[in-house]
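Q: Sharing a structure here in structure tokens format.
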Amino acid sequence: MVLAAGRGTRLGKLTRESPKGMLHAAGRPILEWIVRHLVSQGFDRIAMNLHYRPEAIRDHFGDGSAFDVGELRFFAEPELCGTAGGIRHAAGFLAADGAFLVQYGDVVTDQDLAQLVDGHRERSVLATLLIHHRPGSNSVIALDDEGCVTRFLERPTPEERSGIRSSWAFSGICVLEPEVLELIPEDRPSDLPRDVFTPLAAESAVHAQRLDGYRIAVDSPARLGQLRHAIAEGQCQISG
């Protein structure tokens with residue numbers, strides 16, 4: 001599932017008339033780069049949640065066949081449900097094939113996602129997170145020597161942050177078991193980091209894999225410029 005419902009307010013005037021995912025980098029919308037990479041990694045059933053100017057995304061992707069997507073489903077959110085709530089909304093679609101991948105719709109990467117899924121299936125955990133080094137991030141992840149997430153803190157206080165000597169952060173991509181869907185409330189907005197990862201980490205049900213490819217979250221005009229440069233210079237190598 002690609003989470004594409006956000007408004008992208010931090011991009012200012014760039015998203016005044018366009019959803020964030022339809023901003024262009026090297027001739028393609030951000031969401032198209034994401035979809036093409038997912039297809040190249042073997043994903044042929046894709047869901048997207050939509051909220052702000054959804055018609056722009058629907059019109060571009062259609063039924064997904066032009067991008068070699070076997071099945072593309074859109075899930076409209078009249079009111080934003082949060083990252084976890086959006087997944088719960090698409091539970092019937094996502095749970096059909098067992099473990100499923102979730103990617104934030106502003107995160108572009110050339111990471112080997114098939115390997116991420118394979119690594120998840122080798123372990124008896126409910127969630128596997130792709131993580132990267134980022135001191136001072138909104139999320140702080142503590143790991144043991146085996147890569148098990150021992151603590152997940154979302155927007156920690158300075159006091160909480162000082163208690164964890166870690167610069168690992170959530171990259172916006174994860175693999176989840178269908179059982180996770182039952183942990184997400186249907187009657188209110190909820191978010192993956194705060195409402196899912198934090199309690200699951202306390203139960204030793206979350207594993208992490210480290211980023212070894214290119215990755216950027218396009219959450220500002222400067223980051224959009226960085227993505228355009230990375231694609232032009234071959235730093236981000238997405239096929240398709």
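Q: Could you go through the stretch 118-125 and let me know if any residue there is touching a Lys or Arg at 6+ places or on another chain (Cβ under 7 Å) and among the small types (Gly, Ala, Ser).
A: no
Q: Turning to a different aspect of this structure: All but one of (1) within 26 Å of Arg188 (Cα to Cα); (2) in contact (Cβ under 8 Å) with a residue 12 or more places away in the chain; (3) not β-branched (Val, Ile, Thr) hold for Gly147, so report the exception by its number.
A: (1)
Q: If only one of Ala56, Ala66, Ala76, Ala47 is of a type in the set (Gly, Ala, Ser) and closer than 17 Å to Ser190 by Cα, which one is it?
A: Every option except Ala76 fails the conditions.
Q: Here is a follow-up. Being aliphatic (A, V, I, L, M) and under 26 Å from Arg194 (Cα atoms) narrows it down to one residue among Ala56, Ala90; which is it?
A: Among Ala56, Ala90, only Ala90 is aliphatic (A, V, I, L, M) and under 26 Å from Arg194 (Cα atoms).
Q: Also: What number goes with the only condition from (1) among the hydrophobic types (A, V, I, L, M, F, W, C); (2) under 21 Å from Gln103 (Cα atoms); (3) in contact (Cβ under 8 Å) with a residue 60 or more places away in the chain that Ala169 does not pass?
A: Single failed check for Ala169: (3).
Q: Which residue, of Leu200, Leu224, is more than 29 Å from Phe93 (Cβ to Cβ), surrounded by 18 or more Cβ atoms within 10 Å (Cβ to Cβ) and in contact with a Leu (Cβ under 7 Å, 6 or more places away or on another chain)?
A: So the residue among Leu200, Leu224 that is more than 29 Å from Phe93 (Cβ to Cβ), surrounded by 18 or more Cβ atoms within 10 Å (Cβ to Cβ) and in contact with a Leu (Cβ under 7 Å, 6 or more places away or on another chain) is Leu224.
Q: A further question follows. Out of all the residues in the stretch 223-234, is one or more in contact (Cβ under 8 Å) with a residue 60 or more places away in the chain, within 18 Å of the chain's Cα centre (by Cα) and under 24 Å from Val35 (Cα atoms)?
A: Within the stretch 223-234 (the criterion being in contact (Cβ under 8 Å) with a residue 60 or more places away in the chain, within 18 Å of the chain's Cα centre (by Cα) and under 24 Å from Val35 (Cα atoms)), the answer is yes, since at least one residue qualifies.
Q: How about the stretch 1-103: which helices (runs of 4 or more DSSP H) wholly inside it have at least 1 residues that are surrounded by 16 or more Cβ atoms within 10 Å (Cβ to Cβ) and over 19 Å from the mean Cα position of the chain (by Cα)?
A: Once the helices (runs of 4 or more DSSP H) in the stretch 1-103 are filtered for at least 1 residues that are surrounded by 16 or more Cβ atoms within 10 Å (Cβ to Cβ) and over 19 Å from the mean Cα position of the chain (by Cα), what remains is 54-61.
Q: Among residues belonging to the stretch 139-166 that are among the basic types (Lys, Arg) and surrounded by 14 or more Cβ atoms within 10 Å (Cβ to Cβ), point out the one that is modelled with the highest pLDDT.
A: The qualifying residue modelled with the highest pLDDT is Arg151.
Q: Something else about it: Restricting to the stretch 114-138, give me the number of residues that are surrounded by 17 or more Cβ atoms within 10 Å (Cβ to Cβ), of a type in the set (A, V, I, L, M, F, W, C) and part of a helix (DSSP H, G or I).
A: Within the stretch 114-138, residues that are surrounded by 17 or more Cβ atoms within 10 Å (Cβ to Cβ), of a type in the set (A, V, I, L, M, F, W, C) and part of a helix (DSSP H, G or I) number 2.
Q: Here's another thing I want to ask about it. So which of Asp118, Asp68, Asp112 ends up being at pLDDT 95 or above, touching a helix residue (DSSP H, G or I) at 6+ places or on another chain (Cβ under 6 Å) and within 29 Å of Gly234 (Cβ to Cβ)?
A: Asp68
Q: Hand me the list of helices (runs of 4 or more DSSP H) wholly inside the stretch 139-240 holding 2 or more residues that are among the small types (Gly, Ala, Ser).
A: 198-202, 221-232
Here is a yes/no grid of residues against (1) without any contact (Cβ under 8 Å) to a residue 12 or more places away in the chain; (2) farther than 23 Å from Asp112 by Cβ:
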| site | (1), (2) |
| --- | --- |
| Glu159 | yes, yes |
| Leu181 | no, yes |
| Pro185 | no, yes |
| Asp195 | no, yes |
| Ala208 | no, no |
| Asp212 | no, no |
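The values are calculated or read from the model by the stated rules, or taken from the named source; none is laboratory data. What you see is a predicted model, and the numbers here were worked out from it, not measured in a lab. Using ideal geometry, Cβ is built from the backbone for each residue, glycine included, and neighbour counts are taken over all protein chains shown.
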